[in-house]
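The values are calculated or read from the model by the stated rules, or taken from the named source; none is laboratory data. Bear in mind that the values here come from a model prediction, so they are computed numbers and not experimental data. Cβ placement follows ideal geometry from the backbone for every residue including glycine, while neighbour counts extend to all protein chains displayed.
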Amino acid sequence: MSSERLKILTANADIPGIETFEVYRKHGGYTAVEKAVKTMTPDAVVEEVKKSGVRGRGGAGFPMGMKWSFLAKPEGVPRYLVCNGDESEPGTFKDHWLMKTIPHLLIEGMIVSSFALGANTSYIYVRGELMYVVKILEKAIAEAKAAGFLGKNILGSGYDLELYVQPGGGAYICGEETALLESLEGKRGNPRNKPPFPAVKGLYQCPTVVNNVESISTTPWIVNNGGEAYAAVGIGRSTGTKLISASGHLKKPGVYEIPLGITVNEFIYSDEWCGGIRDGHHLKAVVAGGSSVPILPAALLLKTANGEDRLMTYESLADGGFATGTMLGSGGFIAMDETSCIVRNTWNFSRFYHHESCGQCSPCREGTGWMEKVLHRIEHGHGSMHDIDLLVDVSKKIEGNTICPLGDAAAWPVASAIRHFRDEFEWHIKFPQEATRPGAVYRGHMELA
Amino acid sequence: MITEKPRIQFTPERLERAREILTHYPEGKQKSALLPLLHLIQEQEGWTSPEAMDYIADFLGIKPIEVYEVATFYTMYHLEPVGKHVIEYCRTGPCMIMGGEEVYAHLKKKIGADDGETSPDNLFTIKPVECLAACGWGPCFQIREKYYTHLTIEKVDEIIDELKK
Ligand SMILES: Cc1cc2nc3c(=O)[nH]c(=O)nc-3n(C[C@H](O)[C@H](O)[C@H](O)COP(=O)(O)O)c2cc1C
Ligand code: SF4
Ligand code: FES
């Protein structure tokens, strides 16, 4: 790893013992809390976060400072900050890695962010499967509290904060922020109708901000170095660094902190990052931002339809819209080489969304079931040409017609797989015997990289 | 009057932990403790039985139905008895393209149980689950709180043989 790269979140990740308060503190940890509560007003912290241009790292990319400025502040009503550590989007494992590796970074971020928002009780909601991480965070909280960084009258500033970790129970939908709040209230994770938005009526019907683990973890650096310094990294509206969860057929899968704006080509092939595709194989397709975003064939991933180098930014990955582009999403970068079957993977994702639909809206509940069934049929050699159009039709009927974006998230992978890999679907239908042989993969006209 | 001791109750240490969890929420919002308390009782009992759910309802002063509807919504609560070790393996795309299909097929054969089943010796229950947020370290499974990553057929053999001891 080259050392000149600015690391905002992971600079100290390799230091032995960094998960302990003592070592974290020795390497400059908690200075942002000191600076914020002793020398800044809450509004001044919000202002720095606004200037940083940092965008929500949970998937939607909404500017964090702007979200914070929407928080309602009625007199005498508590406000809450809830951190979204549900991380269940297939392909995404950066929050898991960050929380277990440098737990104090998130705790420090929660303190400065809660201070900025005027919250006196805050929660970190962590998916229940990560119970060992819940324990790591609870230990870190206890250490921070013992050192006076949490609890009553933090560092003598008069500011009080209690921080708790809440485990989920196993449900992808609880990553959706209003489902998460329902779950935190001890209910089923059914997304709420919006408006009202959480900024007005969130946890216990009080004004609430929900932010992703990685988003919150940027705030100590922003407080220490200023929003402008953060905004100086990256390109255009894609400021700062981003954690990318790289999985699939890469030489070096893992979690990487990249400055936004490097080329996709560099990210995949440079030894500094993924080191290329595993030996003897070639890149076929990538899902660049978690299972919900459109899949792209290698050629369109590396270069936009206009022939420009594709960059790791919100804008460049989305260039061309859904016709030829995709989204940065949560940064779940799933690389597939020529041994991967697109139909099988699309069926797998459809099964996932059907399984995870909360069932409140009929287009999502029924539509995801239909898509799974039809894809299963095609993958197992019983499909018809009409099925391909049926899939496109069902995906269109789900899109935009549901309470929460899970419906869209289920529709996009299917629609994009058909858009870019229609030949492969047709091959399964025309040559079922060949296509259902174990390990069989379409080797038709396909540009590999 | 005969006061019957409930058939299920928290051990003293867990009772203390449960009481501490209740303090995490504002007055009157103790229902928020439901998910953590269900984890706690399942950790103790091995599964989330109807008696366990009734006990938690009683503990929180809510209706039993409020517990049932939550316990059935989330996938982590085992509503049937399970073997000593519950192996929850990730069946989602990224783990599958990394060789998950072969590895999990081997796992099931080795244990002698299919999805949702418990092995004849009652040692293992196999549950397929969705993405465990470990995609770059797949294929993977988890047993209770422990993650087992970068699985291969050889590694599965080692893990299972060790657990059988
Ligand atoms: C179905 C669904 C699942 C989601 N899962 C997550 C998740 O696991 N983690 C996360 O941070 N955001 C997730 N989100 C996005 C959240 O709703 C929310 O936008 C985010 O937590 C806001 O934080 P941010 O602005 O810091 O990104 C999900 C959204 C949807 C619709
Ligand atoms: S879109 Fe799907 S997951 Fe979202 S609320 Fe509707 S049914 Fe539930
Ligand atoms: S796909 Fe298996 S852990 Fe994410």
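Please state which one of A:259, A:207, A:195, A:253 is more than 20 Å from the chain's Cα centre (by Cα) and either crowded, with 17+ Cβ neighbours inside 10 Å or closer than 17 Å to residue A:57 by Cβ (or both).
Just one listed residue meets the conditions, A:207.
Check A:151, A:168, A:186 and return the single one that is within 16 Å of ligand 2 (Cβ to nearest atom) and either of a type outside the set (Gly, Ala, Ser) or within 14 Å of chain B (Cβ to nearest Cβ) (or both).
Just a single option satisfies the conditions, and that option is A:168.
Yes or no: residue A:101 within 29 Å of residue A:335 (Cα to Cα), buried (at least 24 other Cβ atoms within 10 Å of the Cβ) and either among the hydroxyl-bearing types (Ser, Thr, Tyr) or free of Cβ contacts under 8 Å to residues at least 40 places away in the same chain (or both)? Spell out how you get there, then give the answer.
On the way: within 29 Å of residue A:335 (Cα to Cα): yes; buried (at least 24 other Cβ atoms within 10 Å of the Cβ): no; either among the hydroxyl-bearing types (Ser, Thr, Tyr) or free of Cβ contacts under 8 Å to residues at least 40 places away in the same chain (or both): yes.
Answer is no for this residue.
Restricting attention to region A:180-200, does a residue exist that is within 16 Å of ligand 1 (Cβ to nearest atom) and either among the hydroxyl-bearing types (Ser, Thr, Tyr) or assigned by TED's automatic domain parsing to the domain that holds residue A:410 (or both)?
The answer is yes, given that some residue of region A:180-200 is within 16 Å of ligand 1 (Cβ to nearest atom) and either among the hydroxyl-bearing types (Ser, Thr, Tyr) or assigned by TED's automatic domain parsing to the domain that holds residue A:410 (or both).
Considering only residues that are buried (at least 20 other Cβ atoms within 10 Å of the Cβ) and within 16 Å of ligand 2 (Cβ to nearest atom), which ones fall in region A:59-74?
The answer is A:59, and nothing else.
Could you tell me whether residue A:179 is within 14 Å of chain B (Cβ to nearest Cβ), under 18 Å from the mean Cα position of the chain (by Cα), within 16 Å of ligand 3 (Cβ to nearest atom) and crowded, with 21+ Cβ neighbours inside 10 Å? Full working, then the answer.
Values: within 14 Å of chain B (Cβ to nearest Cβ): yes; under 18 Å from the mean Cα position of the chain (by Cα): yes; within 16 Å of ligand 3 (Cβ to nearest atom): no; crowded, with 21+ Cβ neighbours inside 10 Å: yes.
No.
Need pairs with beta-carbon distance below 8 Å; first residue modelled with pLDDT under 95 and within region A:1-28, second of a type in the set (Ser, Thr, Tyr); sequence gap 6+ or separate chains.
If the second residue must be of a type in the set (Ser, Thr, Tyr), the pairs left are A:6/A:241.
Taking the stated definitions as given, is residue A:151 free of Cβ contacts under 8 Å to residues at least 24 places away in the same chain, surrounded by fewer than 24 Cβ atoms within 10 Å (Cβ to Cβ) and on the phi > 0 side of the Ramachandran plot?
yes
Quick check on my filter: what residues within region A:1-41 are over 18 Å from residue A:160 (Cβ atoms) and basic (Lys, Arg)?
A:5, A:7, A:25, A:26, A:35
Is it the case that some residue within region A:53-63 is outside the structural domain of residue A:332 (by TED's automatic domain parsing), outside any loop (DSSP other than H, G, I, E, B) and not β-branched (Val, Ile, Thr)?
Within region A:53-63, one or more residues are outside the structural domain of residue A:332 (by TED's automatic domain parsing), outside any loop (DSSP other than H, G, I, E, B) and not β-branched (Val, Ile, Thr).
Based on this model, can you work out whether residue B:115 counts as more than 14 Å from every other protein chain (Cβ to nearest Cβ) and surrounded by fewer than 15 Cβ atoms within 10 Å (Cβ to Cβ)?
Taking the combined requirement at face value, the residue does not satisfy it.
Only one of these conditions is not met by residue A:348: (1) on the phi > 0 side of the Ramachandran plot; (2) free of Cβ contacts under 8 Å to residues at least 24 places away in the same chain; (3) within 14 Å of chain B (Cβ to nearest Cβ). Which number is it?
Of the numbered conditions (1) on the phi > 0 side of the Ramachandran plot; (2) free of Cβ contacts under 8 Å to residues at least 24 places away in the same chain; (3) within 14 Å of chain B (Cβ to nearest Cβ), the odd one out for residue A:348 is (1).
For region A:337-433, which fully contained helices (runs of 4 or more DSSP H) count at least 3 residues that are surrounded by 22 or more Cβ atoms within 10 Å (Cβ to Cβ) and over 23 Å from the mean Cα position of the chain (by Cα)?
Values: elements: A:342-356, A:362-379, A:385-398, A:406-430.
Hits in region A:337-433: A:362-379, A:406-430.
Can you list the helices (runs of 4 or more DSSP H) found entirely within region A:184-293 that contain at least 2 residues being more than 30 Å from residue B:32 (Cα to Cα)?
A:219-225, A:227-231, A:264-269
Do we have residue A:76 as of a type in the set (Gly, Ala, Ser) and without any contact (Cβ under 8 Å) to a residue 24 or more places away in the chain here?
So residue A:76 passes the test.
With respect to the numbered conditions (1) buried (at least 22 other Cβ atoms within 10 Å of the Cβ); (2) away from ligand 1 (no atom under 14 Å from the Cβ); (3) more than 19 Å from residue B:66 (Cα to Cα), which one is the sole condition not fulfilled by residue A:157?
Here residue A:157 meets the rest and fails (1).
Applying the selection to region B:89-102, what residues are crowded, with 23+ Cβ neighbours inside 10 Å and away from ligand 3 (no atom under 11 Å from the Cβ)?
Selection gives nothing.
Which one of these does residue A:52 not meet: (1) touching a Gly at 6+ places or on another chain (Cβ under 7 Å); (2) among the hydroxyl-bearing types (Ser, Thr, Tyr); (3) within 12 Å of ligand 1 (Cβ to nearest atom)?
(3)
If residue A:112 meets every condition in (1) within 12 Å of chain B (Cβ to nearest Cβ); (2) away from ligand 1 (no atom under 14 Å from the Cβ) apart from one, which number is that one?
Failed condition: (1).
Starting from region A:396-425, keep only residues that are away from chain B (no Cβ under 14 Å), then list their pairs with residues that are charged (D, E, K, R) and within 10 Å of ligand 2 (Cβ to nearest atom) whose Cβ atoms are within a distance under 6 Å, requiring at least 6 positions of separation or different chains.
A:399/A:408; A:404/A:176
Please verify whether residue A:189 is more than 16 Å from ligand 3 (Cβ to nearest atom) and in contact (Cβ under 8 Å) with a residue 40 or more places away in the chain, treating the condition exactly as stated.
Yes.
Can you tell me how many residues within region A:221-234 are within 14 Å of residue A:108 (Cα to Cα) and out of contact with any Lys or Arg (no Cβ under 9 Å at 6 or more places or on another chain)?
Count: 1.
Being in contact with a helix residue (DSSP H, G or I) (Cβ under 6 Å, 6 or more places away or on another chain) and under 27 Å from residue B:75 (Cβ atoms), is that true of even one residue in region A:223-242?
No, that holds for no residue.
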